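Only one structure is covered here, and it is reproduced in the block below.
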Amino acid sequence: MPEVADLLRDNLARVETQIAAACDKVGRARQEVTLVAVTKSVSPQVAGLLPGLGVHHLGESRPQELWRKAAALPRSIHWHQVGHLQTNKIERTLPLCQLIHSVDTVHLIQALEKEAARQQHTVDVLLEVNASREENKHGFAPEQLESVLPQLTSLQHVRVRGLMTMAAYDDDPEHCRPTFALLRTLLDRLAQQVPPPHRMEDLSMGMSNDFAVAIEEGATLIRLGTILFEGVVPEAS
Ligand SMILES: *Cc1c(COP(=O)(O)O)cnc(C)c1O
């Protein structure tokens, strides 16, 4: 699909310019920010063009779709589970995943620990925070996070690496800034208290609409779908 590859290359170049500008604005290095391409709206064939364009981190919101694409695409891809993970999907998701962004209950942490121990596998996770306090969103409430920390001391196969959030959609991304700033403050506070080998360093925040602001507020992982696949016809399935 040469035309699709050209389209993706153009979209990516535009996004890279915006990422670089946001980094510049606040004196961050481009390498501090990892672009995770969220491929839920495109086919495995289209997703499979990304590594050739320099994008090696791919994300899916539904585990079944992650399984499907991971099976179809090269093993060198680093997969990120960015959407809600049910406990009955852990077994198949664990061996495929580089990072689970969406750990939203203590129950899920414990189920992950149990299955990771069984598979003799270590898994890196982020705690999802419902920083915008929307009722329809998953995630820990900000004030719940500290009570989660003691639960982490007994884990041997799950390593918490940081926090993830989704800002409430707003036409003006400036309105998302307080959500991202809050996540940054929470991370800094928890970093002092988190027991090793956990470490609070990563902030997964920023989507197509608001990633520039998220980078300015300290995002280390941005999750982009729409803006990368603009013009690419969605999968018919
Ligand atoms: C779909 C999705 C994204 C990408 O969103 P866009 O607005 O399309 O860039 C990021 N994070 C999660 C959790 C998603 O489900």
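The values are calculated or read from the model by the stated rules, or taken from the named source; none is laboratory data. On a predicted model such as this, the values are computed, not experimentally measured, just so you know. Reconstructed Cβ throughout: ideal geometry from the backbone, glycine too, with neighbour counts over all protein chains shown. Just the protein is used for accessible areas: all its heavy atoms, side chains included, with ligands, DNA and RNA removed. Shrake-Rupley method; radii C 1.70, N 1.55, O 1.52, S 1.80 Å.
Some values worked out for this structure:
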item: Leu66 being assigned to a helix (DSSP H, G or I), within 13 Å of the ligand (Cβ to nearest atom) and in contact with a strand residue (DSSP E or B) (Cβ under 8 Å, 6 or more places away or on another chain); result: yes
item: Those residues of the range 31-53 which are farther than 19 Å from Met207 by Cβ and open to solvent by 60 Å² or more (accessible area, probe 1.4 Å), in sequence order; result: Gln31, Gln45, Gly52
item: Residue check for Val55: under 25 Å from Asp10 (Cβ atoms), touching a Gly at 6+ places or on another chain (Cβ under 6 Å), within 14 Å of the ligand (Cβ to nearest atom) and at pLDDT 95 or above; result: no
item: Filter pass, Arg133 being on the phi > 0 side of the Ramachandran plot and modelled with pLDDT under 95; result: yes
item: Residues located in the range 32-50, provided they are under 25 Å from Ala21 (Cβ atoms) and touching a strand residue (DSSP E or B) at 6+ places or on another chain (Cβ under 8 Å); result: Val33, Thr34, Leu35, Val36, Ala37, Val38, Thr39, Leu50
item: Candidate set from the range 8-30 (those that are without any contact (Cβ under 8 Å) to a residue 60 or more places away in the chain and not in a helix (DSSP H, G or I)); member that is surrounded by the fewest Cβ atoms within 10 Å (Cβ to Cβ); result: Gly27
item: Subset of the range 217-229 that is away from the ligand (no atom under 14 Å from the Cβ) and within 11 Å of Val33 (Cβ to Cβ) - its residue that is farthest from the chain's Cα centre (by Cα); result: Gly218
item: Whichever residue in the range 154-165 is at negative phi and touching a strand residue (DSSP E or B) at 6+ places or on another chain (Cβ under 8 Å) and, among such residues, is nearest to the ligand (Cβ to nearest atom); result: Met164
item: Residue within the range 182-202 that is touching a residue at least 12 places away in the same chain (Cβ under 8 Å), open to solvent by 10 Å² or more (accessible area, probe 1.4 Å) and within 13 Å of the ligand (Cβ to nearest atom) present; result: no
item: Qualifying positions in the range 105-131 - assigned to a strand (DSSP E or B) and open to solvent by less than 30 Å² (accessible area, probe 1.4 Å); result: Val123, Val125, Leu126, Leu127, Glu128, Val129
item: Restricting the range 159-181 to residues that are of a type in the set (Lys, Arg) and open to solvent by 50 Å² or more (accessible area, probe 1.4 Å), the residue that is nearest to Glu115 (Cα to Cα); result: Arg159
item: Conditions (1) within 16 Å of the ligand (Cβ to nearest atom); (2) exposed (fewer than 14 other Cβ atoms within 10 Å of the Cβ); (3) not hydrophobic (A, V, I, L, M, F, W, C); number of the one not met by Gln151; result: (1)
item: Pairs, first acidic (Asp, Glu) in the range 132-148, second modelled with pLDDT of 85 or more and outside any helix (DSSP H, G or I), C-beta under 7 Å, six or more apart; result: Glu134/Ala168
item: Hits in the range 16-43 (condition: under 30 Å from Trp67 (Cβ atoms) and of a type in the set (Val, Ile, Thr)); result: Ile19, Val33, Thr34, Val36, Val38, Thr39, Val42
item: Criterion (part of a strand (DSSP E or B) and crowded, with 20+ Cβ neighbours inside 10 Å) met by exactly one of Leu94, Leu99; result: Leu99
